[in-house]
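K.L.:
Please find one structure pasted underneath; my questions will follow.
The values are calculated or read from the model by the stated rules, or taken from the named source; none is laboratory data. Note that the structure is a prediction, hence the values are computed from the model and not measured. Here Cβ is always computed from backbone atoms with ideal geometry, including for glycine, and neighbour counts include all displayed protein chains.
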Ligand SMILES: Cc1ncc(COP(=O)(O)O)c(C=O)c1O
């Protein structure tokens, strides 16, 4: 198929987070997928080095997941989730909370990471209010955080490009500093040794605003979208301690890290720190049907349920498509695949090979840092003077032309292959990057 075969022109579709005019001058369309590969509109096999958008953990078009979605579509297309339900939503919930760490025993469903984040922030506010502490309204995010595109998510998020077009956002938000310090951390393998003390900035914010005004802190345990910023050793532990000291809820946004990306079910397991709430999406259905979720601990759930008289709605929140039957069926099948194929363990077992492969790019032209954790990697590229992102865009498009899909974030190439990746495919991803880096100016 060529672009000219596509019957509708490219104008009508306003593409998200895309340079629309640039893209439409040289489109990159994906028309089918299987396992580790996409097929492009010009008939090429594209090795997926980014699991789509960090989400296809079980590989593309897995037959068991496809079959579950097909069957569900013919059996129960939709059931209202308000004052009604369908049985598989309970089955999925029970299964999910057996996977989550510690006390995270309750789950609220939404449809995207952005919705999960807004849901978690709202639950945090509602929780403190239910405790009779309604003055706790501040939400603390972090610089270089990505929490999706809802107003809550961009307010606590730390990406200027995602905030500046959209007015004053909402009041009462503050930010921790990000954890990336290349002078001390460059070329760290896994967690950097230096930087735990950056968590102490939360003490300063408590000093500035007073703990009695702060509801929650939200962080990605590993910041993904802004270029794979891995928490320094001891950092998350310190955040947890400070939150506990002041009665502040700690929310982990695990939209990327959930479901095996780091070789454990969740990053909370990997780093050994238990949050009060955890947001997930993407890997919950291996990207096949939109779905997200918020896990809350018993303290939050019991407080909110207990604060409302019997017969009253405990949380005035939900989505038409919360626990949509197709998403639930996709998720149940995805969990089966993760279990039956041992994919989290596989990611864990592959991660030393992955680490060596990523760090083999040290010394390659333009490379100024390399980072890795689990099956995630980042190649930090020196920008051309006065042209941030341009060289890295050329690397991204160069790799695509060579048959490898990566993800560009500013001057960073992010890598996160499906958890079914083979060693030879890891080699292909890295060798393609090496070749393209040597070629671009
Ligand atoms: C950590 C994190 N939170 C939230 C989101 C938003 O998810 P969605 O695009 O499904 O709204 C993302 C998306 O990449 C993410 O990485």
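K.L.:
Going by the structure shown, is residue 147 within 14 Å of the ligand (Cβ to nearest atom), in contact with a helix residue (DSSP H, G or I) (Cβ under 8 Å, 6 or more places away or on another chain) and under 29 Å from residue 283 (Cβ atoms)?
P.N.:
It is true that residue 147 is within 14 Å of the ligand (Cβ to nearest atom), in contact with a helix residue (DSSP H, G or I) (Cβ under 8 Å, 6 or more places away or on another chain) and under 29 Å from residue 283 (Cβ atoms).
K.L.:
Output the residue which, of all residues in the range 201-230 that are in contact with a helix residue (DSSP H, G or I) (Cβ under 7 Å, 6 or more places away or on another chain) and free of Cβ contacts under 8 Å to residues at least 60 places away in the same chain, is surrounded by the most Cβ atoms within 10 Å (Cβ to Cβ).
P.N.:
221
K.L.:
Could you tell me which residue of the range 25-72 is farthest from the chain's Cα centre (by Cα), considering only residues that are in a loop (DSSP other than H, G, I, E, B) and under 17 Å from residue 426 (Cα atoms)? Before you say what the answer is, go through the steps one by one.
P.N.:
So the first thing to find is which residues in the range 25-72 are in a loop (DSSP other than H, G, I, E, B), and the list is 26-29, 36, 41-44, 49-50, 55-59, 61-62.
Subset that is under 17 Å from residue 426 (Cα atoms): 36, 49-50, 56-59.
On the way: 36: 20, 49: 16, 50: 12, 56: 12, 57: 12, 58: 15, 59: 17 Å.
Filtering the range 25-72 for residues that are in a loop (DSSP other than H, G, I, E, B) and under 17 Å from residue 426 (Cα atoms), the one farthest from the chain's Cα centre (by Cα) comes out as 36.
K.L.:
Please pick out the residue among 114, 93 that is within 16 Å of the ligand (Cβ to nearest atom) and part of a helix (DSSP H, G or I).
P.N.:
Result of the check over 114, 93: 114.
One line per residue, one yes/no per condition, for (1) more than 26 Å from residue 102 (Cβ to Cβ); (2) out of contact with any helix residue (DSSP H, G or I) (no Cβ under 8 Å at 6 or more places or on another chain):
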| site | (1), (2) |
| --- | --- |
| 302 | no, yes |
| 331 | no, no |
| 345 | no, yes |
| 356 | yes, yes |
| 367 | yes, no |
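K.L.:
Determine which member of the set 121, 139, 125, 104 is within 13 Å of the ligand (Cβ to nearest atom), assigned by TED's automatic domain parsing to the domain that holds residue 301 and touching a residue at least 60 places away in the same chain (Cβ under 8 Å).
P.N.:
Result of the check over 121, 139, 125, 104: 121.
K.L.:
Given the structure, is residue 152 within 16 Å of the ligand (Cβ to nearest atom) and closer than 28 Å to residue 377 by Cβ? Outline the logic, then answer.
P.N.:
Numbers: within 16 Å of the ligand (Cβ to nearest atom): yes; closer than 28 Å to residue 377 by Cβ: no.
It is false that residue 152 is within 16 Å of the ligand (Cβ to nearest atom) and closer than 28 Å to residue 377 by Cβ.
Residue-by-condition table, conditions (1) in contact with a strand residue (DSSP E or B) (Cβ under 8 Å, 6 or more places away or on another chain); (2) within 20 Å of residue 254 (Cα to Cα); (3) in contact (Cβ under 8 Å) with a residue 12 or more places away in the chain:
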residue	(1), (2), (3)
134	no, no, no
151	no, yes, yes
169	no, no, yes
172	yes, no, yes
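K.L.:
Here is a further query. Being in a strand (DSSP E or B) and farther than 21 Å from residue 112 by Cα is the filter; apply it to the range 214-259 and report the residue that is farthest from the ligand (Cβ to nearest atom). Give the derivation first.
P.N.:
Just the residues of the range 214-259 that are in a strand (DSSP E or B), to begin with: 214-219, 223, 229, 249-253.
Checking the rest, the ones that are also farther than 21 Å from residue 112 by Cα come to 214-215, 229, 249.
Values: 214: 21, 215: 18, 229: 11, 249: 17 Å.
Restricting to residues being in a strand (DSSP E or B) and farther than 21 Å from residue 112 by Cα, the top hit is 214.
K.L.:
If you don't mind, there's one more thing I want to ask. Hey, residue 72 hits all of (1) in the same structural domain as residue 417 (by TED's automatic domain parsing); (2) surrounded by 13 or more Cβ atoms within 10 Å (Cβ to Cβ) but one; which does it fall short on?
P.N.:
(1)
K.L.:
Here is a further query. For residue 329, state whether it is within 23 Å of residue 259 (Cα to Cα), within 16 Å of the ligand (Cβ to nearest atom) and within 23 Å of the chain's Cα centre (by Cα).
P.N.:
Judged against the criteria, residue 329 is not a match.
K.L.:
Answer yes or no: is there a residue in the range 313-320 that is over 23 Å from residue 80 (Cβ atoms) and more than 13 Å from the ligand (Cβ to nearest atom). Spell out the reasoning first.
P.N.:
Filtering the range 313-320 for residues over 23 Å from residue 80 (Cβ atoms) gives none.
Checked the range 313-320: no residue is over 23 Å from residue 80 (Cβ atoms) and more than 13 Å from the ligand (Cβ to nearest atom).
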